[in-house]
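I have placed the structure first, in the form of structure tokens, so that the comments after it can refer back to it.
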Number of protein chains: 2
Amino acid sequence: MAQNGKLATDLVQKLERDIVTGVLKPGDKLDERSLSERFGVSRTPVREALQTLAGSGLVATMPRRGTIVASITVAELIEMFEVMAELEAMCARLAARRMPRVDIDNLIALADECSALQEHADADAYYEANVRFHEAIYAGCRNSFLERQTKNVRNRLAPYRRLQLHRPGRVKKSNNEHADILSAISNGEADIAGKLMQQHVAVQGEALNDLLAIVPRGYLEPLAS
Amino acid sequence: MAQNGKLATDLVQKLERDIVTGVLKPGDKLDERSLSERFGVSRTPVREALQTLAGSGLVATMPRRGTIVASITVAELIEMFEVMAELEAMCARLAARRMPRVDIDNLIALADECSALQEHADADAYYEANVRFHEAIYAGCRNSFLERQTKNVRNRLAPYRRLQLHRPGRVKKSNNEHADILSAISNGEADIAGKLMQQHVAVQGEALNDLLAIVPRGYLEPLAS
DNA sequence: CTATGCAATTTTGTATACCAGAGATGCGTT
DNA sequence: AACGCATCTCTGGTATACAAAATTGCATAG
């Protein structure tokens, strides 16, 4: 999409990965000079990269005050999860209608992978497999624009979403929900698949309170922005 | 969101307006040098602005080959309308549940405005009022993230959406649909409001063919990207 | 007359230098 | 001792200069 120069593109990908995987945490300062030295390029491509990331919402830059990894407010977090749930629901609905058999078989394999990892109570490994399962459904909707939009929101929520699974019992519950979603998609029951996915992703009531309770300091900023 | 320098921000807004309002058409070349001369600034803020616009998808830049106003493929157009319909449907659903009375009254006024303009068969004036009506519903969903996402997609579709209303009879039909949507929102019937909005925005079957038929040359590019 | 290849020009991508604004720090005054 | 103002420094914003790549046009050969 944002096709900048080669150096800048590389930087975008590296920084994106670091942010999504949690190496860089919300609130971390991204100094242009240090970045340019660290990567051995001038400030220009660094600025372009930060610009691009700001466009996708992963970082926030205040004029004359520098750039930081985007930290969002509680209100925004709730809003974004609300939208995320609906986008994924749409993916699931469309996937139920459009996903070819061979891809469904692949989806089944990914679900099995999740189940296998769930036994070992390794939240991080499960998280990775979970991402693959969800991405397979994004791809199944056969709407690459929707797929991009969904991934974009997912990336922005990644630092927070990762925390969810560290709640005791959540991994098991998540895995059970996968089974139901999978069967709905496999049976072509679009509305059911959508509804299940919506509930799977939405963070409401108790779950929201639990999530907010374990969000580290600095991941959220006060409402006054 | 993308807080760049003052000059760059100005440029973003100007170019955005020109693209959304159709002054700049899909496929138009955006030369950095001419733009910098035209606005009396150096190339740097121009590049930043183009970068930002590329991030939001309004322009496309190919490395070493320059930047043009984004022209999308038929496939993308269909995909984007599909997502747009769902985003607006979500706005309508939430608006039906959350919109305060006073805002609904305002929405009624906007619908009346549309009706009044519809009589005069002035497609452009109707288009503007139509935008205000829809934006009031975006605001009514009380989810500013969803509002931003929706507006972003809407902007990208603007050059094509504008064409829709020039189809004979479409304005009248659109206006009738507004009335139904309005009453559903007013009555708090979320699912109905969503469904109506989805159908209102979606471009399917005959309507899609009609739209494609009147899209000017250059607005669409061949599928091979 | 056409096609291919080379060269020149145009335009983008990168680096660097310069400028301006915001925050920090220290000194003076009350 | 505390508050306020001024200055100083650090960081971002802008301009410009330079390098690399792509397109275009012309020339030459088939």
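The values are calculated or read from the model by the stated rules, or taken from the named source; none is laboratory data. A quick note: this is a predicted structure, and the numbers were derived from the prediction, not measured. Methodologically, a virtual Cβ is constructed for each residue, glycine included, from the backbone with ideal geometry; neighbour enumeration extends over all protein chains shown. Side chains included, ligands, DNA and RNA excluded: accessible areas come from the protein's heavy atoms. Shrake-Rupley method; radii C 1.70, N 1.55, O 1.52, S 1.80 Å.
In table form, for the structure just shown:
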read-out	value
Hey, A:VAL41 within 15 Å of DNA strand D (Cβ to nearest atom) and open to solvent by 20 Å² or more (accessible area, probe 1.4 Å) or not	yes
Total residues in region A:205-225, condition modelled with pLDDT of 80 or more and under 13 Å from A:PHE81 (Cα atoms)	4
All positions within region B:46-65 that are among the polar types (S, T, N, Q) and more than 10 Å from DNA strand C (Cβ to nearest atom)	B:THR52, B:SER56
In region B:56-77, residue farthest from DNA strand D (Cβ to nearest atom) [restricted to those that are buried (at least 21 other Cβ atoms within 10 Å of the Cβ), touching a residue at least 12 places away in the same chain (Cβ under 8 Å) and assigned to a strand (DSSP E or B)]	B:ILE72
Any chance A:LEU53 is within 15 Å of DNA strand D (Cβ to nearest atom) and open to solvent by less than 70 Å² (accessible area, probe 1.4 Å)	yes
Output for region B:23-36, where each listed residue is open to solvent by less than 20 Å² (accessible area, probe 1.4 Å) and either farther than 14 Å from B:ALA49 by Cβ or assigned to a strand (DSSP E or B) (or both)	B:PRO26, B:LEU30
Of the criteria (1) touching a helix residue (DSSP H, G or I) at 6+ places or on another chain (Cβ under 8 Å); (2) over 16 Å from A:GLY188 (Cα atoms); (3) not in a helix (DSSP H, G or I), which one A:ARG156 fails	(3)
Test result for A:ILE108, open to solvent by 20 Å² or more (accessible area, probe 1.4 Å), within 14 Å of chain B (Cβ to nearest Cβ) and more than 30 Å from B:ARG98 (Cα to Cα)	no
